[in-house]
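FYI, it's all coordinate maths here, none of it is from the lab. Everything numeric in this text was worked out from a predicted model, so none of it was measured. Please note: Cβ atoms are built from the backbone with ideal geometry, for glycine as well, and neighbour counts cover all protein chains shown.
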């Protein structure tokens, strides 16, 4: 699937949720289902600066596709990370750089995050884009 197809699917999923509590519960459940990052990657090298909670992002490239692994000590952040990775994982650097990540705004996630959590999310997006630029 393309980045935009995945984003549109996420937006559709959120439109099926009735209220803020349902969205919150959905994100928490996503966080619970995100595969934990191996402990050896929970180091300063992979830490996302600016996040209210601890969050780590590991990146690698294989056959011109970028693969991301991430984790957080907060279920909310893990859930949001899960959505973000769903969109950008297994995509080419060019696809990541040439597509706007609009699902964050259109699902209402950006308006419901605390400033610190929003800052952490956008820091992670910037790191994803920087890695893509370096691979391009």
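Values as computed for the structure displayed
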item: Wholly within the stretch 67-136, helices (runs of 4 or more DSSP H) carrying at least 3 residues that are free of Cβ contacts under 8 Å to residues at least 40 places away in the same chain and within 14 Å of the chain's Cα centre (by Cα); result: 115-135
item: In the stretch 9-23, the residues that are without any contact (Cβ under 8 Å) to a residue 60 or more places away in the chain and assigned to a helix (DSSP H, G or I); result: 9, 12, 13, 15, 21, 22
item: Qualifying residues in the stretch 23-41 (those that are surrounded by 18 or more Cβ atoms within 10 Å (Cβ to Cβ) and touching a strand residue (DSSP E or B) at 6+ places or on another chain (Cβ under 8 Å)) - the one farthest from residue 75 (Cα to Cα); result: 37
